[in-house]
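Down below is the structure, laid out as structure tokens.
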Amino acid sequence: MSLRYRFKSKEDTTFREVEDFCAGVWIEVVAPTEEDVQLLVAKHGLEEGHLRDAQDFFEAPRLELEEGTSYFFTRFPAQIEGETTTAPILIAIGDDFVLTVMHERSEWVDKMTQRVDVYTTQKAKFFLHIIAAIEREYTRVFTGVRREVRRARLTVRDVSESAIEQSVQMEYALNEFVSALVPTNSALQAMTSGKHLQFFEEDLEMVEDVQLANAQLIESAKNSLKTIQNI
């Protein structure tokens, strides 16, 4: 099965895999099988429709609330067949667990789990650590794309067919970033309304930091898009 239970409390130094569900666990699902979906529905009371939506590679960011569980859909940067694009992730927050559903493992997840200040037992904060890790991945990937945009601008007098093709690919990636980040920020705003999760003041500061970073990425991506279009 592609489902596993992972746990880390303040008493733990690293994430550990546990055999079965326990309060405060992280249910990590990668490329879910039909067996995984049925187990999540039967054992954890998750909404089957939202789990099906998480398997749709083109699912758009949004926030849903079903029977006390929040379903936060967003997207993160990914390399698909050599092209920079975005891939979906579902983050579901229940009474005593956090669930993530992805199409495949990503390196930014491993980086997040190496942090000493991340605990699965702190639901709201763990959710925010996932969101912050995605924002850092956007920043990392966008830095490389912006570098290529600047290089294209400097060589505009000698534009080859390959350079034009690369510009088209960069334009696609940047549009994907904007299309993902704008609704993600709106969903984050709704998440902090108090209807979904209870956040401490320090958590809200973390939300604001992520929203600000996302807003800056959106603006920078739009500026880079203008540069590409001018080229």
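The values are calculated or read from the model by the stated rules, or taken from the named source; none is laboratory data. Predicted, not measured: the structure shown is a model, and the values here were computed from it. Cβ coordinates were reconstructed from backbone atoms using ideal geometry, including for glycine residues, and neighbour counts include every protein chain displayed. For the accessible areas, the whole protein counts, side chains as well, though only heavy atoms, and no ligand, DNA or RNA atoms are used. Shrake-Rupley method; radii C 1.70, N 1.55, O 1.52, S 1.80 Å.
Using mean Cβ contacts within 10 Å as the protection proxy, how do 135-144, 59-68 order, highest first?
Values: 135-144: 17.1, 59-68: 15.1.
Descending packing order for the listed peptides: 135-144, 59-68.
Quick one: compute the contact order of region 1-101, relative version, from alpha carbon pairs under 8 angstrom and 6+ residues apart, as a percent.
Numbers: 172 pairs, mean separation 25.0, N = 101.
Across region 1-101, relative contact order equals 25 percent.
Which trypsin sites (Lys or Arg not before Pro) from region 7-36 combine a DSSP loop assignment with at most 16 other Cβ atoms within 10 Å? Intermediate values should be presented prior to the final figure.
Working: sites: 8, 10, 16; in loops: 8, 10.
Hits after loop and neighbour filter: 10.
Which residue fluctuates the most in the chain, going by a Gaussian network model with Cα springs under 10 Å, if the choices are 44, 103, 129?
44
Each residue of region 173-180 in order: what ³J(HN,Hα) in whole Hz does its phi give by Karplus 6.51 cos²θ - 1.76 cosθ + 1.60, θ = phi - 60°, with x for Gly and Pro?
Computed from phi, the couplings for region 173-180 are 4, 5, 5, 5, 4, 4, 4, 8 Hz.
Given a cut-off of under 8 Å on Cα pairs at least six residues apart, what relative contact order in percent is computed for region 56-96? Walk me through the numbers on the way to the answer.
Working: 67 pairs, mean separation 15.7, N = 41.
Answer for region 56-96 is 38 percent.
Kindly identify region 98-231 as rounded, prolate or oblate by the Cα gyration tensor criterion: order the square roots of the eigenvalues as a ≥ b ≥ c, call it rounded if a/c is under 1.5, otherwise compare a/b with b/c, prolate if a/b is larger, else oblate. Present the calculation step by step, with values, prior to reporting the outcome.
Working: a/c = 2.91, a/b = 2.15, b/c = 1.35.
The shape class here is prolate.
When each pair of different Cα atoms in the chain is counted once in the 1/r mean, what is the Kirkwood radius in angstroms, to one decimal? Let's see the in-between values first.
Working: mean 1/r = 0.0534 Å⁻¹.
It works out to 18.7 Å.
Under a 10 Å cutoff between Cα atoms, tell me which one of 54, 42, 173 has the largest fluctuation in the Gaussian network model of the chain.
42
Keeping all protein chains in the complex and leaving out DNA, RNA and ligands, what accessible area do you get for residue 20 with a 1.4 Å probe, in Å² to the nearest 10?
Only protein atoms counted, so the area is about 80 Å².
Any idea what the relative contact order of region 45-147 is, in percent, if you count C-alpha pairs under 8 Å spaced at least 6 apart? Each step should come with its number before you reach the end.
On the way: 131 pairs, mean separation 19.9, N = 103.
It rounds to 19 percent for region 45-147.
With a ≥ b ≥ c taken as the square roots of the eigenvalues of the C-alpha gyration tensor of region 108-151, please select rounded if a/c is under 1.5 and otherwise prolate if a/b is larger than b/c or oblate if it is not? Don't skip to the answer; put the middle values down first.
Numbers: a/c = 5.28, a/b = 3.00, b/c = 1.76.
Because a/c hits 1.5 or more and a/b exceeds b/c, region 108-151 counts as prolate.
Quick check: at a probe of 1.4 Å, how many percent of the accessible area of region 104-231 sits on carbon and sulfur atoms? Intermediate results must be reported in sequence, preceding the final value.
Values: 3450 of 7230 Å².
Taking all protein chains in place, region 104-231 shows 48 percent carbon and sulfur surface.
Amide H neighbours of residue 121 under 5 Å, at least 5 residues apart or on other chains, H built in the peptide plane: list them.
8
Highest first, please rank the peptides 113-122, 25-34 by the mean number of other Cβ atoms sitting within 10 Å of their residues. It would help to have the intermediate numbers written out before the result.
Numbers: 113-122: 15.8, 25-34: 17.9.
Top of the packing list down: 25-34, 113-122.
Quick check on region 1-128: take the gyration tensor over C-alpha atoms, sort the square-rooted eigenvalues as a ≥ b ≥ c, and tell me if it's rounded (a/c under 1.5), prolate or oblate.
Working: a/c = 1.57, a/b = 1.15, b/c = 1.37.
In terms of gyration-tensor shape, oblate.
When the convex hull of the Cα atoms of region 81-162 is projected onto a plane and the area is averaged over all directions, what value comes out in nm²? Don't skip to the answer; put the middle values down first.
Details: hull surface 28.4 nm².
Its average projected convex-hull area is 7.1 nm².
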